[in-house]
Amino acid sequence: MLKTARLRREFLPHKYAASGLRLQIEKVRFDSGDVFDKTDPHRHLVAIEDYKDWDTATLYGTVRVQEDIFDSILPEQERDTPPLEICVALRCNETYLRKTFKDFQVDWRSERKCTLEIPLERAALSNTAELTASLIRTTNCQDGFNDGYAVFKGAAVAGCRGWEIRIDPPKLPSSNYLDIRYTHFDAEKKARLYEIACDTASPIIWLNKDNPEIANVLNSKAKRGITARMRDVFFDMITYAVWNQLFFKAASDIDEDGVLVHEWEYAVLEDFLPDLFPDMNSETARMEFAQVVHSDGLYFFLQQIDTILQERIEFKNQMAKLIQEGLNK
């Protein structure tokens, strides 16, 4: 889930239970009759990228309202017959898909849950999608405003951790691949050469389009000469900074069980862990890494990552070639 969405919830003007709902996805049935039931509840991931030839599918799951939640989100007079409904949202940033599903049958007095059958259309999805659930007011409330409760119809009063639905194989960053795009930066960012978006399913490096001289060098196809050398040095500088950020983003997201937030973070750690823990397999190394991060902090790895990146990127050689080209002019 994006950071901006988290920030919006933190500043809601009324009481809100961020973990008031529990969304569970159980399986996906495709129009071919195939069924995918190996969902990952620990990582909240439905990885169906291996299923290629389908047009429609149905996602099955449940949404459960946590116990005692009404005491924290509703005025006392509304708790016996809560004016609420569960709303499920399906979003795909790549295709700009935004769909909501309502009218679920919920027994508010007993189980407080509903079953889901969410339709998926392959043509409307790309890369990854996200499924989330919210608890929404269905009526206005005359009382409760002074106590901090939501009083307007349509106000969200509870949410949950969303699930990632992986439609296509992820574009995992590797030493040979970074998603680099150009854009115009806002006025307050004009002095920046680049910006890295890490809170996404696949990280993006945005380069400032308002520096045409730099952009021309970075886009150069030259194989020799001073322009080629400048391009290589510029990209090396950016690559060094990007990989630093990607590594420490993954390190800051990992929990004590070795679980990460984004799929690309696993690939980033897989790239570095053999150098950090050479005598361990990948799973053991990730668990050891998680323990070190949570006991000793990130500072423990600063010098090691700096050394690894300098040796991989070969700053020294590229800068020496640039200097030599300059001297030969």
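The values are calculated or read from the model by the stated rules, or taken from the named source; none is laboratory data. Computed from a predicted structure; not experimentally measured. Backbone-built Cβ (ideal geometry, glycine too); neighbour counts: all protein chains shown.
Structure values in brief
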quantity	calculated
Answer residue from region 93-107, given it is within 20 Å of the chain's Cα centre (by Cα) and modelled with pLDDT under 90 and is surrounded by the fewest Cβ atoms within 10 Å (Cβ to Cβ) among those	Tyr96
Cβ-Cβ under 6 Å pairs, at least 6 apart or on other chains, region 91-106 side free of Cβ contacts under 8 Å to residues at least 24 places away in the same chain, far side surrounded by 15 or more Cβ atoms within 10 Å (Cβ to Cβ) and β-branched (Val, Ile, Thr)	Phe101/Val88
So Leu218, is it modelled with pLDDT under 80, within 19 Å of Ile313 (Cα to Cα) and in contact with a helix residue (DSSP H, G or I) (Cβ under 7 Å, 6 or more places away or on another chain)	yes
Selection count where residues are more than 30 Å from Ala201 (Cα to Cα) and not aromatic (Phe, Trp, Tyr), scope region 68-101	16
Qualifying residues in region 291-329 (those that are among the polar types (S, T, N, Q) and more than 25 Å from Asp275 (Cα to Cα)) - the one surrounded by the most Cβ atoms within 10 Å (Cβ to Cβ)	Gln324
Residues satisfying the stated conditions in region 129-151, i.e. hydrophobic (A, V, I, L, M, F, W, C) and at pLDDT 85 or above	Ala129, Leu131, Ala133, Leu135, Ile136
Members of region 162-171 found to be modelled with pLDDT of 85 or more and either in contact with a Cys (Cβ under 6 Å, 6 or more places away or on another chain) or of a type outside the set (Phe, Trp, Tyr) (or both), listed by number	Gly162, Glu164, Ile165, Arg166, Ile167
Any hit, region 258-265, residues being in contact with a strand residue (DSSP E or B) (Cβ under 6 Å, 6 or more places away or on another chain), surrounded by 16 or more Cβ atoms within 10 Å (Cβ to Cβ) and modelled with pLDDT of 80 or more	no
Hey, Ala215 hydrophobic (A, V, I, L, M, F, W, C), more than 28 Å from Ile323 (Cβ to Cβ) and either surrounded by fewer than 16 Cβ atoms within 10 Å (Cβ to Cβ) or outside the structural domain of Asp296 (by TED's automatic domain parsing) (or both) or not	no
Looking only at region 221-234, and only at residues there that are basic (Lys, Arg) and free of Cβ contacts under 8 Å to residues at least 60 places away in the same chain, the one that is nearest to Lys316 (Cα to Cα)	Arg231
Any hit, region 17-33, residues being basic (Lys, Arg), at pLDDT below 95 and over 19 Å from Cys114 (Cα atoms)	no
Count - residues of region 65-87 that are of a type in the set (A, V, I, L, M, F, W, C), assigned to a helix (DSSP H, G or I) and in contact (Cβ under 8 Å) with a residue 24 or more places away in the chain	1
Neighbours by Cβ (under 7 Å, 6+ apart or cross-chain): first from region 182-209, surrounded by 17 or more Cβ atoms within 10 Å (Cβ to Cβ) and at pLDDT 80 or above; second assigned to a loop (DSSP other than H, G, I, E, B) and among the basic types (Lys, Arg)	Phe185/Arg192; Asn208/Arg192
Residue within region 278-293 that is touching a residue at least 40 places away in the same chain (Cβ under 8 Å) and either in the same structural domain as Ile205 (by TED's automatic domain parsing) or of a type in the set (S, T, N, Q) (or both) present	yes
Residue within region 295-317 that is in a helix (DSSP H, G or I), within 20 Å of Ile214 (Cβ to Cβ) and not basic (Lys, Arg) present	yes
Qualifying positions in region 246-286 - under 28 Å from Asn127 (Cα atoms) and aliphatic (A, V, I, L, M)	Leu246, Ala250, Ala251, Ile254, Val259, Leu260, Val261, Ala267, Val268, Leu269, Leu273
Residues of region 24-64 satisfying the condition of being free of Cβ contacts under 8 Å to residues at least 60 places away in the same chain, more than 30 Å from Ile254 (Cα to Cα), not in a loop (DSSP other than H, G, I, E, B) and not aromatic (Phe, Trp, Tyr)	Arg29, Val35
Condition check for Ile118: within 28 Å of the chain's Cα centre (by Cα), crowded, with 19+ Cβ neighbours inside 10 Å and at pLDDT 90 or above	no
